[in-house]
Number of protein chains: 2
Amino acid sequence: VPDVNRQIVLERLPQGDRLGPEHFRLTESARPTPGPGQALVRTRYISLDAANRAWMQGATYRSALNAGDVMAGGAVAEIVEAPDSDLKPGDLIWADTGWQDYALVPTKRLQKLPDVDQITHLISVYGVAGLTAYFGLLECGQPKPGETVVVSAAAGAVGSIVGQIAKIKGCRVVGVAGGAEKGRWLVDELGFDATIDYKAGGLRQQFKEVLPEGIDVYFDNTGGEIFEACLFAMKNHGRIACCGAVSQYDGAAPPHGPRGIPGLIVTKRLTLRGFVVMDFDDQRDQALKDLAGWVADGRLKVQEDIIDGLENTPAALIGLLAGENRGKRMIKVR
Amino acid sequence: VPDVNRQIVLERLPQGDRLGPEHFRLTESARPTPGPGQALVRTRYISLDAANRAWMQGATYRSALNAGDVMAGGAVAEIVEAPDSDLKPGDLIWADTGWQDYALVPTKRLQKLPDVDQITHLISVYGVAGLTAYFGLLECGQPKPGETVVVSAAAGAVGSIVGQIAKIKGCRVVGVAGGAEKGRWLVDELGFDATIDYKAGGLRQQFKEVLPEGIDVYFDNTGGEIFEACLFAMKNHGRIACCGAVSQYDGAAPPHGPRGIPGLIVTKRLTLRGFVVMDFDDQRDQALKDLAGWVADGRLKVQEDIIDGLENTPAALIGLLAGENRGKRMIKVR
């Protein structure tokens with residue numbers, strides 16, 4: 001086991017500017033030694049998520065990040081040493097290791113991950129992305145067969161799974177994504193019924209053409225203008241699952257929210273529900289069983305976007321925020 | 001029965017300006033004669049509601065109003081003639097009579113109102129105001145004993161009942177209202193625990209002082225800045241009942257919505273639910289029974305603000321939009 005721990009440190013926090021390579025610094029330190037209640041783990045695959053950027057804005061469902069911290073991030077890692085625990089060297093676990101080769105993590109919360117054919121699936125379809133799509137759509141969105149479901153960031157890790165689950169549940173599915181190529185991929189490969197290209201302009205007009213009868217369920221990954229366009233297109237008694245707001249993370253704090261709030265919530269009798277995937281931990285086993293079944297019978301395609309090398313993590317996140325990924329982006333550390 | 005029908009006509013729609021007397025005109029026509037399926041009714045008490053102003057902005061849960069229409073509005077009225085129906089002259093019904101002495105209304109939807117000690121209670125506590133407070137708080141807000149409930153427009157028809165029901169349910173209740181006098185009345189007479197005076201400035205600071213631990217349930221009657229302040233003060237897993245947006249009705253269409261949407265909905269896992277009272281018609285009997293019980297045992301005080309004379313209806317609505325009423329405002333027509 002090498003002695004050197006490569007670490008990507010948050011050199012400084014963005015202050016209303018867009019995230020760039022200058023906000024990060026690669027450094028090296030000695031491989032740490034676990035203290036009481038700690039496990040030493042070695043990072044295998046780091047998950048890249050729009051939420052990583054949100055953590056730089058302030059406290060969310062976790063505390064805010066500070067300059068000088070090793071950049072935070074979830075990863076699949078393997079146990080090197082876990083004294084006072086049943087975990088053995090080589091066992092795979094999920095933890096917030098941060099962007100580094102080795103991390104010390106509290107042993108108490110670690111759980112051995114299930115055996116799967118592909119380790120990367122523990123980050124994509126059986127990880128936070130897949131579970132977020134599953135619970136957000138089914139618990140917060142409550143789609144019924146024949147209803148129209150719209151999902152934003154549709155070609156992303158969560159969106160691409162949301163759309164496919166909605167199809168499995170018998171819905172008409174419209175994805176909002178940037179660029180004609182992503183749109184074609186969603187329709188041809190993932191079975192979406194139609195897409196809306198937010199980069200093509202004329203958002204309201206596109207909504208009218210593609211969704212003349214309105215939206216029953218909107219799964220929101222973006223906030224901002226797309227949220228507003230969906231809000232105006234909602235049917236009465238529609239449901240909005242609020243999952244994230246990637247359009248709002250990478251820049252100055254948004255000066256205002258979408259128009260029509262709360263007026264349209266009232267007149268259309270909408271329900272908006274925000275959620276974080278860990279709120280549904282008690283239903284996790286059933287979710288994983290459903291997801292695995294759909295993957296096995298070919299109805300759920302797993303799309304991954306794997307980039308090699310810890311040193312490329314900052315650029316990979318910056319690119320994700322610009323929408324360059326398709327499916328679940330992650331870094332292969334080793 | 002007099003032959004003359006006094007009518008208040010919407011002379012022109014406000015175009016981004018505030019509602020004034022110049023938007024109305026008093027006119028007289030002949031008392032109309034019912035056709036097939038119609039009943040002739042005589043207006044007794046007209047309900048004044050912030051929603052009256054919203055109807056001038058465009059289609060809501062009802063179609064938009066047009067210049068030249070008799071101004072729309074709900075009222076308690078008595079049957080003059082109702083051919084093809086079991087209703088007898090003198091029976092009281094609730095209908096959208098509009099602002100006039102006589103109206104023709106479809107017989108089909110008319111229901112005889114229950115006998116009550118005070119006819120005005122059919123508009124306040126047992127009318128739309130009371131039922132809106134009841135269903136919005138209990139169904140959408142789902143308050144639990146010991147929780148903190150905030151209601152805006154707290155001294156208004158709906159807000160004053162929301163706060164009292166929340167107290168009956170064992171909650172801590174904070175009302176947002178304009179002016180120290182209203183605040184004292186809410187605390188001293190209606191049993192609110194505290195109030196916030198939105199006219200006194202320093203809204204965020206007041207929220208911090210009065211609600212250091214945050215809000216579990218917010219019943220929103222106002223939208224706008226108060227909505228935003230509550231959004232930022234919500235606890236995790238809080239619920240917002242979206243009832244109306246009086247701050248947004250009387251002027252230009254709002255250029256934007258509250259900050260923090262959807263970001264705070266996600267991170268705080270909030271549920272926002274819009275509703276219109278008629279969605280709960282099937283639970284109406286139970287609601288009326290509960291409300292009557294609370295009135296009978298003195299735990300729910302009925303506050304009414306009755307203005308005499310049809311000709312005063314425009315000024316009464318304009319005043320209501322400026323927050324001059326306390327409790328349920330209505331016009332006694334006869």
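The values are calculated or read from the model by the stated rules, or taken from the named source; none is laboratory data. Just so it is clear, the structure is predicted and the values come from calculations on it, not from any experiment. Note that we place each Cβ from the backbone using ideal geometry, even for glycine, and neighbour counts take in every protein chain shown.
For the reader, a short list of remarks on this structure follows.
- Any hit, region B:157-166, residues being touching a residue at least 12 places away in the same chain (Cβ under 8 Å), buried (at least 20 other Cβ atoms within 10 Å of the Cβ) and not in a helix (DSSP H, G or I): no
- Annotation: of all residues in region B:122-143 being of a type in the set (S, T, N, Q) and either modelled with pLDDT under 95 or assigned to a loop (DSSP other than H, G, I, E, B) (or both), the one that is surrounded by the fewest Cβ atoms within 10 Å (Cβ to Cβ) is B:Gln142.
- Strands (runs of 3 or more DSSP E) contained in region A:176-272 and holding at least 1 residues under 26 Å from A:Arg326 (Cα atoms) and touching a Pro at 6+ places or on another chain (Cβ under 9 Å): A:215-220, A:234-242
- Single unsatisfied condition, A:Gln57 versus (1) buried (at least 17 other Cβ atoms within 10 Å of the Cβ); (2) without any contact (Cβ under 8 Å) to a residue 12 or more places away in the chain: (2)
- Residues satisfying the stated conditions in region B:98-121, i.e. assigned to a helix (DSSP H, G or I), more than 23 Å from B:Asp279 (Cα to Cα) and free of Cβ contacts under 8 Å to residues at least 60 places away in the same chain: none
- Within region A:129-148, the only residue that satisfies the criterion of being among the small types (Gly, Ala, Ser) and under 15 Å from A:Asp282 (Cα atoms) is A:Gly136.
- Number of the condition not met by A:Ala39 [criteria: (1) of a type in the set (Gly, Ala, Ser); (2) in contact with a strand residue (DSSP E or B) (Cβ under 6 Å, 6 or more places away or on another chain); (3) modelled with pLDDT under 95]: (3)
- Count of region A:235-263 residues which are modelled with pLDDT of 90 or more, farther than 23 Å from A:Val276 by Cβ and facing chain B (nearest Cβ under 10 Å): 2
- Residues satisfying the stated conditions in region A:12-69, i.e. within 16 Å of A:Leu310 (Cα to Cα), not in a helix (DSSP H, G or I) and not charged (D, E, K, R): A:Phe24, A:Leu26, A:Thr27, A:Ser29, A:Val41, A:Thr43, A:Tyr45, A:Ile46, A:Ser47, A:Leu48
- Some residue of region B:245-267 being in contact (Cβ under 8 Å) with a residue 12 or more places away in the chain, closer than 20 Å to B:Leu131 by Cα and not hydroxyl-bearing (Ser, Thr, Tyr): yes
- Matching option when the condition is charged (D, E, K, R) and surrounded by 15 or more Cβ atoms within 10 Å (Cβ to Cβ), among A:Asp84, A:Asp3, A:Asp91, A:Asp17: A:Asp91
- Taking region B:291-311 as the range and being touching a residue at least 24 places away in the same chain (Cβ under 8 Å), within 22 Å of B:Phe192 (Cβ to Cβ) and surrounded by fewer than 17 Cβ atoms within 10 Å (Cβ to Cβ) as the test, the residues that pass are B:Arg299, B:Lys301.
- Yes/no for B:Ser47 being hydroxyl-bearing (Ser, Thr, Tyr) and surrounded by fewer than 22 Cβ atoms within 10 Å (Cβ to Cβ): no
- Residue that is nearest to A:Gln118 (Cα to Cα) [pool: residues in region A:298-334 that are of a type in the set (Asp, Glu) and in a strand (DSSP E or B)]: A:Glu304
- Filter result for B:Asp285 (surrounded by fewer than 22 Cβ atoms within 10 Å (Cβ to Cβ), charged (D, E, K, R), assigned to a loop (DSSP other than H, G, I, E, B) and more than 8 Å from chain A (Cβ to nearest Cβ)): no
- Set A:Glu213, A:Glu228: member being more than 19 Å from A:Ala51 (Cα to Cα) and either surrounded by fewer than 21 Cβ atoms within 10 Å (Cβ to Cβ) or facing another protein chain (nearest Cβ under 7 Å) (or both): A:Glu213
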